[in-house]
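Some notes on the structure that comes next.
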Amino acid sequence: MAEPSFEEALSSLEKIVEQLEEGNLSLEETLKKFEEGIKLSRLCDKKLKQAQKRVTMLTRDEQGDLKEVPFTEPDEPEKPENRDTDTKSLFDE
């Protein structure tokens with residue numbers, strides 16, 4: 001069976017959370033749903049990280065020209081090869 005899309009996995013995870021919150025499942029069913037939820041959560045996390053790697057930010061240099069810069073996580077230090085020091089974000093305007 002093919003791996004579900006992010007949206008499918010998230011929808012399934014939301015349904016599992018609702019079922020667990022209702023509290024009408026047996027202990028065995030609860031454990032199975034919990035395990036399935038953990039797998040779906042990890043899949044969603046993996047897919048988000050893959051998407052994040054593909055994101056490119058657009059910035060403007062001092063001449064006002066748009067320039068593509070690879071996305072970096074907020075807590076990830078910027079690498080000198082990723083962004084020139086003389087560029088500013090579109091959001092800095």
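The values are calculated or read from the model by the stated rules, or taken from the named source; none is laboratory data. Here the structure is a predicted model, which means the values were calculated and not measured. Glycine also receives a Cβ, built like all others from the backbone with ideal geometry; neighbour counts cover every protein chain displayed.
Listed here are the residues, each with its yes/no results for (1) modelled with pLDDT of 90 or more; (2) over 24 Å from the mean Cα position of the chain (by Cα).
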| position | (1), (2) |
| --- | --- |
| Phe34 | yes, no |
| Gln63 | no, yes |
| Lys67 | no, no |
| Glu78 | no, no |
| Asn82 | no, no |
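Can you name every residue in segment 12-32 that is within 24 Å of the chain's Cα centre (by Cα) and among the β-branched types (Val, Ile, Thr)?
Answer for segment 12-32, where residues must be within 24 Å of the chain's Cα centre (by Cα) and among the β-branched types (Val, Ile, Thr): Ile16, Val17.
If you check Leu40 against the conditions, is it over 21 Å from the mean Cα position of the chain (by Cα) and modelled with pLDDT of 95 or more?
On the way: over 21 Å from the mean Cα position of the chain (by Cα): no; modelled with pLDDT of 95 or more: yes.
Answer is no for this residue.
Find the residue count for segment 31-48, including only residues that are free of Cβ contacts under 8 Å to residues at least 24 places away in the same chain and not charged (D, E, K, R).
Final tally of qualifying residues: 3.
This table checks each residue for (1) assigned to a helix (DSSP H, G or I); (2) among the hydrophobic types (A, V, I, L, M, F, W, C); (3) under 15 Å from Pro4 (Cβ atoms); (4) in contact with a Lys or Arg (Cβ under 7 Å, 6 or more places away or on another chain).
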| position | (1), (2), (3), (4) |
| --- | --- |
| Leu25 | no, yes, no, yes |
| Lys33 | yes, no, no, no |
| Cys44 | yes, yes, yes, no |
| Leu48 | yes, yes, yes, no |
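What are the residues in segment 6-23 that are outside any helix (DSSP H, G or I) and surrounded by 12 or more Cβ atoms within 10 Å (Cβ to Cβ), if any?
Within segment 6-23, none qualify.
Answer with yes or no whether Asp45 is in the same structural domain as Leu10 (by TED's automatic domain parsing), acidic (Asp, Glu) and modelled with pLDDT of 80 or more.
So Asp45 passes the test.
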